[in-house]
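Below is one structure; the comments refer to it alone.
The values are calculated or read from the model by the stated rules, or taken from the named source; none is laboratory data. The shown structure was predicted, so the numbers you read here are calculated from the model rather than taken from an experiment. Note: ideal-geometry Cβ built from the backbone for every residue, glycine included; neighbour counts use all protein chains shown. Protein only, heavy atoms only, side chains kept; ligands, DNA and RNA dropped before computing areas. Shrake-Rupley method; radii C 1.70, N 1.55, O 1.52, S 1.80 Å.
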Amino acid sequence: ATRVNKDGFIEEVAVNVPRLDYSDGGCPSLLLEPQRLQLIPYSEDFSDVAWEKNQSSIVANAIISPNGTLNASKLVEDSSNNFHRIVENVNTIIGTFSHSVFAKAGERKYFVLRNNISGSNLNACFDLENGVVVYNGFDEAKIENYGNGWYRCSIVEIDTSGGTTSFSLMTSNNEVSSNSIPSYQGDGTSGVYIWGAQVEQGSYATSYIPT
C-alpha cells in the first residue's frame, strides 16, 4: 500500500509496516483503510494499448510525478476539431465505485473525467489551476491538492446495471458545464499531465494502489 511521506511524495510501504501518513503536512497520522481492489491494470502506463487513444497521444515520462520520479505522462491533443481523450474499459458489478487520477495543468487547465455509467455518459470537469470542481454530473466529485501543481481528481458513481464502464481522461480548452462530450479545435501540442489512475469499488477513493 502507499502513504504520503514526510517529503510530500507518495511511496509504497512494505507489508506489516504501519503507514504513517503526512498528507496534512504536519505531524503524521496512522493511515487505516479498508482493503480495496484496483481495477485498472496499467495505472501509470497510459501508453499501453489498454488505454485507447482518441484524437490524442501520450508522452511518457514527461514530468515528475507525485511519487517524486520522472514517470508522469502528458495527455496531448491532436490538431482535429473533436474531443481529445484516452479511455480504458473496466469490468464492474452493480454497486458504488470510485474513479480517481492525479492531474496537473499543462497548456490546458481544464481536465475532464467522463464515464459511461449504466448507459449514461457523465462528466466531471476540474480546474487544475485553481483546484476546484467546475462541473459535476456524478453522485460526487472531489479535487485534492497533492502539491507541486498536482491534484487528485475523483468521482463517485453508482452502477445500477454492472458490466463494462468506460473510464475516460480528457483535456479541454474551456470549462465544461454539461454532460455533453467536450469538443474543440486542438493545436497538436497542448494538454495536461496525468499519473496514477484508479478504479475501486467503494464510496470514496482510498490511497493510491499502483499496478
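Structural remarks
- Residue that is nearest to Leu37 (Cα to Cα) [pool: residues in the range 155-211 that are β-branched (Val, Ile, Thr) and assigned to a loop (DSSP other than H, G, I, E, B)]: Ile209
- Test: residue in the range 35-54 that is more than 28 Å from Ser166 (Cα to Cα) and exposed (fewer than 11 other Cβ atoms within 10 Å of the Cβ): no
- Of all residues in the range 79-137, those that are touching a residue at least 60 places away in the same chain (Cβ under 8 Å), open to solvent by less than 50 Å² (accessible area, probe 1.4 Å) and part of a loop (DSSP other than H, G, I, E, B) total 6.
- The range 141-154, residues that are in contact (Cβ under 8 Å) with a residue 40 or more places away in the chain and either surrounded by fewer than 18 Cβ atoms within 10 Å (Cβ to Cβ) or in a loop (DSSP other than H, G, I, E, B) (or both): Gly147, Asn148, Gly149
- Scanning the range 84-124 for residues that are within 11 Å of the chain's Cα centre (by Cα) and of a type in the set (S, T, N, Q), we see that the one that is farthest from Asp159 (Cα to Cα) is Ser100.
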